Amino acid sequence: MAKKPSAKSLQLGRPTPIPASPDEAKLDRVPNPHPDTDYVARFTMPEFTCLCPITGQPDFAHLVLDYVPDRFLIESKSLKLYFNSFRNCGAFHEDCTVRIGKTLAALLKPRWLRIGGYWYPRGGMPIDVFWQNGKLPAGVWVPDQGVAPYRGRG
């Protein structure tokens, strides 16, 4: 069984500033209380922000993260801080979405993980980015991510 993190080692329960960049962010994981059960945990970040690496202008996305945990869960406060650390980071939509997915997959080693990055239009074109790791266990129900494709005002 995984060792329980001490309260000192977690960012939870204490003031923590937003990290200056994703490289400086600390993601905390905690033991999964039900490692014998396949279930989906979902995190939604409807106001994700980063900067265009060329123009420095802000880019906005609605991120949806689904995963089937194995031994570890992501601690939600650290995930929020990690997401917010991209605010001043210059990166393309594809880079942000895939980087987040790969980082979480490496940390948690989940049975399955997917991330959908639904990016708002820039230059008249939305860019949606999807990344998946692992194989969804048989019999696990995963709801639709619930984000409609961009339709403009139509």
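For this structure, a couple of remarks:
- Taken together, the criteria place Arg87 among residues that are basic (Lys, Arg), touching a strand residue (DSSP E or B) at 6+ places or on another chain (Cβ under 8 Å) and closer than 21 Å to Ala20 by Cα.
- Among the residues making up the stretch 89-114, those that are in contact (Cβ under 8 Å) with a residue 12 or more places away in the chain, aliphatic (A, V, I, L, M) and closer than 19 Å to Ala25 by Cα are Ala91, Val98, Ile100, Leu104, Ala105, Leu107, Leu108.
- Residue in the stretch 55-66 that is loosely packed, with under 13 Cβ neighbours inside 10 Å, modelled with pLDDT under 95, assigned to a loop (DSSP other than H, G, I, E, B) and among the β-branched types (Val, Ile, Thr) present: yes
- Among the residues listed as Phe43, Phe92, Phe83, Phe72, the single one being under 16 Å from the mean Cα position of the chain (by Cα), hydrophobic (A, V, I, L, M, F, W, C) and either over 29 Å from Pro15 (Cβ atoms) or at pLDDT below 95 (or both): Phe92
- Neighbours by Cβ (under 6 Å, 6+ apart or cross-chain): first from the stretch 120-142, in contact (Cβ under 8 Å) with a residue 24 or more places away in the chain and in a loop (DSSP other than H, G, I, E, B); second of a type in the set (Phe, Trp, Tyr) and surrounded by 15 or more Cβ atoms within 10 Å (Cβ to Cβ): Pro126/Trp119; Ile127/Trp119; Leu136/Trp112
- Selection of the stretch 90-102 for residues being of a type outside the set (Val, Ile, Thr) and surrounded by fewer than 19 Cβ atoms within 10 Å (Cβ to Cβ) yields Gly90, Ala91, Phe92, Glu94, Asp95, Arg99, Lys102.
- Meets criteria (of a type in the set (Val, Ile, Thr), touching a Leu at 6+ places or on another chain (Cβ under 8 Å) and either closer than 24 Å to Val129 by Cβ or in a helix (DSSP H, G or I) (or both)) for Ile18: yes
- Any chance Phe86 is over 14 Å from Phe43 (Cα atoms) and either assigned to a strand (DSSP E or B) or without any contact (Cβ under 8 Å) to a residue 12 or more places away in the chain (or both): no
- Residue tally, condition modelled with pLDDT under 95 and touching a helix residue (DSSP H, G or I) at 6+ places or on another chain (Cβ under 6 Å), over the stretch 120-154: 1
- Residue match in the stretch 108-116 (condition: more than 26 Å from Ala20 (Cβ to Cβ), in contact with a Phe, Trp or Tyr (Cβ under 9 Å, 6 or more places away or on another chain) and at pLDDT below 95): no
The values are calculated or read from the model by the stated rules, or taken from the named source; none is laboratory data. Being a predicted model, the structure only gives us computed values, none of them experimental. Using ideal geometry, Cβ is built from the backbone for each residue, glycine included, and neighbour counts are taken over all protein chains shown.
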